[in-house]
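Rule-based calculations on the coordinates, nothing more; no lab input. Keep in mind it's a predicted model, so treat the numbers as computed, not measured. Neighbour counts run over all protein chains shown; Cβ positions are idealised from the backbone, glycine included.
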Amino acid sequence: MNEYLIVIEKTKTGYSAYSPDIEGCIAVGDTIEECEVSMKEALKYHIEFMIEKGYDVPKPKQRLAEFVKINYRKTKKKELASV
């Protein structure tokens with residue numbers, strides 16, 4: 001069994017997901033949980049299709065994802081326009 005990274009992002013209408021390792025495989029859902037379930041299913045079928053058609057299935061890459069704090073100067077739009 002391989003573990004693939006999935007990225008879930010908030011959209012205007014719910015959530016969308018993709019895997020950086022499996023190009024073209026995406027899913028959507030109304031909730032994070034629904035999106036995750038849909039993405040797992042999409043990955044399974046996408047990989048099975050690749051195997052059936054004789055394509056090489058990409059191996060998952062080691063990745064680390066984390067939130068980092070960034071301090072930045074808050075500037076008014078007017079100040080940016082004059083730069």
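Computed quantities for the displayed model
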| read-out | value |
| --- | --- |
| In range of the label at Tyr55: residues from the stretch 1-43 whose backbone nitrogen is under 15 Å from the point 7 Å along Cα→Cβ | 19-27, 42-43 |
| Sparsely packed chymotrypsin sites (Phe, Trp or Tyr not before Pro) within the chain, loop by DSSP, other Cβ within 10 Å at most 16 | Tyr55, Phe67, Tyr72 |
| Loop-located trypsin sites (Lys or Arg not before Pro) in the stretch 21-77 whose Cβ has at most 12 other Cβ within 10 Å (DSSP) | Lys61, Arg63, Lys69, Arg73, Lys74, Lys76 |
| Where GluC sites (Glu not before Pro) fall in DSSP loop in the chain, at most 10 other Cβ within 10 Å | Glu3, Glu23, Glu66 |
| Scattering profile of the chain at q = 0.24, 0.26 Å⁻¹ [log10 I(q)/I(0), Debye over alpha-carbon scatterers] | -1.14, -1.24 |
| Magnitude of the charge dipole, the chain, Cβ model with Lys/Arg +1 and Asp/Glu -1, debye to 20 | 920 debye |
| Whole-number percent relative contact order across the stretch 7-81, with pairs defined as alpha carbons under 8 Å at least 6 apart | 19 percent |
| Partner aspartates and glutamates for Lys12 [C-alpha distance under 20 Å; skip if fewer than 8 residues away on the same chain] | Asp30, Glu33, Glu34, Glu36 |
| Using θ = phi - 60° and Karplus 6.51 cos²θ - 1.76 cosθ + 1.60, couplings along the stretch 23-29 (whole Hz; Gly, Pro as x) | 4, x, 9, 9, 7, 9, x |
| Between 0 and 90°, nearest 10: helix 32-53 axis offset from the chain longest Cα axis | 50 degrees |
| Per-residue ³J(HN,Hα) for the stretch 8-13, Karplus 6.51 cos²θ - 1.76 cosθ + 1.60, θ = phi - 60°, Hz, x for Gly and Pro | 10, 10, 6, 10, 5, 10 |
